[in-house]
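Structure provided below as structure tokens; questions to follow.
Values in this text are rule-based calculations from the coordinates and carry no lab data. Keep in mind the model is a prediction, meaning the values are calculated, not measured. Don't worry about glycine lacking a Cβ; one is built from the backbone with ideal geometry, like all the others, and counts go over all protein chains shown.
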Amino acid sequence: MRITAGELRGRGVRVLSVAGLRPTPSKVRQAMFNILGAVDGFRMLDLYAGSGIMALEALSRGAARVASIERHRACISHMRQLCRQWGLEERWQIIQARIPHGLPGIADSHFDLIFADPPYASDEGKSVPVWLEQYGIGCRRLVIETSARFESCWPASWHELQCRCYGDTCLHFLEQADHGERSQA
């Protein structure tokens, strides 16, 4: 798997053999960042980080800081190794925890972008906005990756701006319903 754009473009990221690990395909990563536009200076939270490829894409494209939360020890070890090798220690925080148990450690934080890629076989995608509110974690934009079979049902306090599907993968672009600035993505 390779990073598709930015200062790290072309660098390879090894995919570990971890049960349930399903890295976001390059076509979907490119589409998401094309829809979002420039992420220069963004603060991003990457939930269910897996291989770390979404965090690396964001950092490569100019994100100022990324916090990644992942539960699998092998994935955490691999991300930390990449972080050291590529000199990203000042910009990439890697946290080993299950979701939502890792959220209290970043409670009352605000991010420009939160990306969540929960297991397709679970209904956790529907819970992510609830957990963010529960822990006071705000964002300008929330993107949740799901299976195309996922039936979206968001809390009333969230508004789905759009949903884009690529094969069996769908990206749901959400913002808080009371968010003052409505945008197209």
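What 222 nm value per residue comes from the helices of the chain, counting each DSSP H run with n ≥ 4 as -39,500 (n - 2.57) and dividing by all residues, nearest 500 deg cm²/dmol? Mind showing how you got there, number by number?
Working: 4 runs with 43 residues, N = 185.
One gets -7000 deg cm²/dmol as the mean residue ellipticity at 222 nm.
Another question, then. Can you give me the P(r) profile for the chain? Cα pairs, bins 5 angstrom wide beginning at 0, each as a whole percent.
Computed distribution, short to long bins: 1, 8, 18, 23, 23, 17, 8, 2, 0.
Please order 76, 35 by the number of other Cβ within 10 Å, starting at the fewest. List each step's numbers first, then the result.
Numbers: 76 19, 35 16.
Least crowded to most crowded, the residues run 35, 76.
State log₁₀ I(q)/I(0) for the stretch 1-63 at q = 0.12, 0.14, 0.20, 0.21 Å⁻¹ as given by the Debye formula over alpha-carbon point scatterers of equal weight, solvent excluded.
-0.27, -0.37, -0.75, -0.83
Report the full-extension gain for the segment residue 122 to residue 148: residue separation times 0.36 nm, less the Cα-Cα distance, to one decimal in nm. Before the final figure, lay out the partial values.
Values: separation 26, 0.36 × 26 = 9.36 nm, distance 1.31 nm.
Between residue 122 and residue 148, full extension yields 8.1 nm more.
May I pose another question? Relative to the present Cα-Cα distance, how much length would full extension add between residue 133 and residue 34 at 0.36 nm per residue of separation? Present the calculation step by step, with values, prior to reporting the outcome.
Numbers: separation 99, 0.36 × 99 = 35.64 nm, distance 2.71 nm.
So the extension gain works out to 32.9 nm.
Sticking with this one: Once fully extended, how much extra length lies between residue 27 and residue 90, figured as 0.36 nm per residue of separation less the alpha-carbon to alpha-carbon distance? List each step's numbers first, then the result.
Numbers: separation 63, 0.36 × 63 = 22.68 nm, distance 2.83 nm.
Taking residue 27 through residue 90 to full extension adds about 19.9 nm, to one decimal.
Still on this structure, I have one more. Provide the packing ranking of 159-171, 88-100, i.e. peptides ordered by the mean count of other C-beta atoms within 10 Å per residue, highest first.
Most protected by this proxy first, the peptides run 88-100, 159-171.
Roughly how tilted is helix 73-85, in degrees to the nearest 10 and between 0 and 90, from the longest Cα axis of the chain?
Roughly 60 degrees, rounded to the nearest 10.
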